[in-house]
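> My questions all concern the structure below.
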Amino acid sequence: EECFQAAKNEAGLASYQVRDYTAWYRHITLAMLAHAYLSATRASAEKGGLQPQPSSSSR
């Protein structure tokens with residue numbers, strides 16, 4: 001239930017009005033892929049996997 005609520009808020013899962021099954025299926029698929037990407041990015045950031053890039057200015 002928590003994952004579904006997060007997907008609704010973060011990936012726009014609940015913001016589509018059904019007009020056609022094919023369009024709905026594509027929207028749901030893309031929203032779930034976006035949610036999976038966001039979840040993986042958050043998990044790696046919490047583990048310390050993402051380090052801030054140093055600025056490349058040499059001044």
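> Leaving ligands, DNA and RNA out of it, rank K47, K8 by accessible area with a 1.4 Å probe, largest first.
K47, K8
> For H27, H35, write out the residues from largest to smallest accessible area, computed with a 1.4 angstrom probe and no ligands counted. Intermediate values should be presented prior to the final figure.
Working: H27 45, H35 25 Å².
Largest to smallest exposure gives the sequence H27, H35.
The values are calculated or read from the model by the stated rules, or taken from the named source; none is laboratory data. What you are looking at is a predicted structure, and each value in this text was computed from that prediction instead of being measured. The protein model used for the area step is the full one, side chains on, heavy atoms only, and it has no ligands, DNA or RNA in it. Shrake-Rupley method; radii C 1.70, N 1.55, O 1.52, S 1.80 Å.
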